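I have placed the structure first, in the form of structure tokens, so that the comments after it can refer back to it.
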Amino acid sequence: MNQTRTADFDLDRYLRNSKKVDLSEIEWDDIPNHPLTDGDVMCLHYMMDIETHTVIYLRDLLATRAAEDPQITAFLSCWVYEELWHGEAFSDFLRLYGIEEPIEPRLPDGRRPLPTRANRWRDIRVSVGVGNGFGIVPTMIGSALARDFVAIHMMWGAVNELTTLTGYYALIRRSDHPVLHQLLRKVIQDERRHFAFYRAQAKARMERSRGARMMVRWVMKNLWTPVGAGVKSEEEVDALGLYLFGDGPEGREHAIGIDKTIAAVPGLESLTLIQDYLDAAERRARERPGWSGVTPMPAPRRDNGHSPAPTHWRESLDGRPDVMPATSDVERREEERAARMVGDS
Ligand SMILES: [Fe+2]
Ligand SMILES: [Fe+2]
């Protein structure tokens, strides 16, 4: 890409405005006052875990030729930061509700340090073998073969973002928790920008290359797996998919909507990835009694000392609170030089 602006996405605007999701208006203290179902809690754990795993996905993406494209790396720099805070948002939400599995260390005043779930993230990364060549499927195909392969990563990312944001809409539909609704609506705003970037990148590459269109179509048709597969077990992925999209006509509507949007990308006409996946998940649930139901979730622990509402979601209108004095001679010398220059001007 030679320009920052494709017809569908203004990258320059995105980069200049990227920031942590603004949750300063969320009524954190009201979270324990409304019930979540076991299914809601299951979804929140899944979403939290996958949002936090984004940095590992980034590691895999940067091992491909996508890293050669400065537009893509600029986007990814902001994207991974925004995703970190999505994970933290779900973590804070669950903690305020009274669920923290496993229990994590806390600071003397009861708050949790960031990252708020160090034990949980470590456990997940060890169990999926982060240090042992774990990677998304397109990475294995070999990014060195052709630059058209970048289109696969971009389309894969687009489908991930679109299914994520549609999943958040589905959770709003399924859950009655008003504060969760507020939070998800904020996060959806970010996911929408992410989706727009990936789709614009994939589309531009596929429009100009028949090879890219054929490759992306083949990979999506034959190798695509839902976001979270590889980190979560097949049964966990099915449980989430069926809870959000397999609960009746409205769930199906979400799936059909995703498929229609994907099929509008050149080369992907008539693909029905999500509906096919949902059919297969429903078949597995029918064939394997007890498969992928909503399992009982940990009960909230209200007696465990109420967790204070997080303070890190303030809007940073008043500048950075962590201004730091120089800690070395070289820094001090440069600070003095800078001060002299200000004095001279
Ligand atoms: Fe996210
Ligand atoms: Fe995202």
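The values are calculated or read from the model by the stated rules, or taken from the named source; none is laboratory data. Here the structure is a predicted model, which is why all the values come from computation and not from measurement. Glycine also receives a Cβ, built like all others from the backbone with ideal geometry; neighbour counts cover every protein chain displayed.
Selection of the range 154-168 for residues being crowded, with 23+ Cβ neighbours inside 10 Å, under 18 Å from residue 254 (Cα atoms) and more than 11 Å from ligand 1 (Cβ to nearest atom) yields 158, 159, 162, 163.
Based on what the data block shows, is residue 76 in contact (Cβ under 8 Å) with a residue 60 or more places away in the chain, in a helix (DSSP H, G or I) and crowded, with 20+ Cβ neighbours inside 10 Å? So residue 76 does not fit the description; no. For the range 88-112, the tally of residues that are in a helix (DSSP H, G or I) and farther than 15 Å from residue 46 by Cα stands at 2.
From the list 196, 204, 263, the lone residue that is within 16 Å of ligand 1 (Cβ to nearest atom) and surrounded by fewer than 21 Cβ atoms within 10 Å (Cβ to Cβ) is 196.
Condition check ((1) under 25 Å from residue 152 (Cβ atoms); (2) buried (at least 21 other Cβ atoms within 10 Å of the Cβ); (3) in contact (Cβ under 8 Å) with a residue 12 or more places away in the chain; (4) aliphatic (A, V, I, L, M)) across all residues:
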site: 219; (1), (2), (3), (4): yes, no, yes, yes
site: 226; (1), (2), (3), (4): yes, yes, yes, no
site: 229; (1), (2), (3), (4): yes, no, no, yes
site: 232; (1), (2), (3), (4): yes, yes, yes, no
site: 241; (1), (2), (3), (4): yes, yes, yes, no
site: 244; (1), (2), (3), (4): no, yes, yes, yes
site: 248; (1), (2), (3), (4): no, no, no, no
site: 251; (1), (2), (3), (4): no, no, yes, no
site: 255; (1), (2), (3), (4): yes, yes, yes, yes
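Within the range 27-51, the only residue that satisfies the criterion of being among the β-branched types (Val, Ile, Thr) and within 12 Å of ligand 1 (Cβ to nearest atom) is 50.
Please go through the range 294-321 and pick out each residue that is over 24 Å from the mean Cα position of the chain (by Cα) and modelled with pLDDT of 70 or more. Outline the logic, then answer.
Step one: of the range 294-321, the residues over 24 Å from the mean Cα position of the chain (by Cα) are 296, 299-308, 317-321.
Hits for the range 294-321 are 296, 299, 300, 301, 302, 307, 308, 320, 321.
Is it fair to say residue 287 is within 30 Å of residue 240 (Cα to Cα) and modelled with pLDDT of 75 or more? So residue 287 fits the description; yes. Out of the residues in the range 92-112 that are exposed (fewer than 15 other Cβ atoms within 10 Å of the Cβ) and more than 21 Å from residue 27 (Cα to Cα), state the one that is farthest from ligand 1 (Cβ to nearest atom). The qualifying residue farthest from ligand 1 (Cβ to nearest atom) is 108. Contact map, the range 86-111: residues that are of a type in the set (Val, Ile, Thr) paired with residues that are at pLDDT below 90 and away from ligand 2 (no atom under 16 Å from the Cβ), Cβ distance under 6 Å, separation 6+ or inter-chain. Pairs shown: 99/298; 99/300.
Give the residue, chosen from 217, 301, that is part of a helix (DSSP H, G or I) and at negative phi.
Criteria check complete, one pass: 217.
Looking only at residues in the range 52-91 that are in contact with a helix residue (DSSP H, G or I) (Cβ under 7 Å, 6 or more places away or on another chain) and among the charged types (D, E, K, R), the one that is nearest to ligand 1 (Cβ to nearest atom) is 83.
Of the residues making up the range 105-120, those that are at pLDDT below 80 and touching a helix residue (DSSP H, G or I) at 6+ places or on another chain (Cβ under 8 Å) number 5. Candidates in the range 169-206 are the residues that are within 10 Å of ligand 2 (Cβ to nearest atom) and either among the aromatic types (Phe, Trp, Tyr) or not in a helix (DSSP H, G or I) (or both); of these, the one that is nearest to residue 90 (Cα to Cα) is 195. Only residues that are of a type outside the set (A, V, I, L, M, F, W, C), in contact with a helix residue (DSSP H, G or I) (Cβ under 8 Å, 6 or more places away or on another chain) and part of a helix (DSSP H, G or I) were counted in the range 30-51, giving 8.
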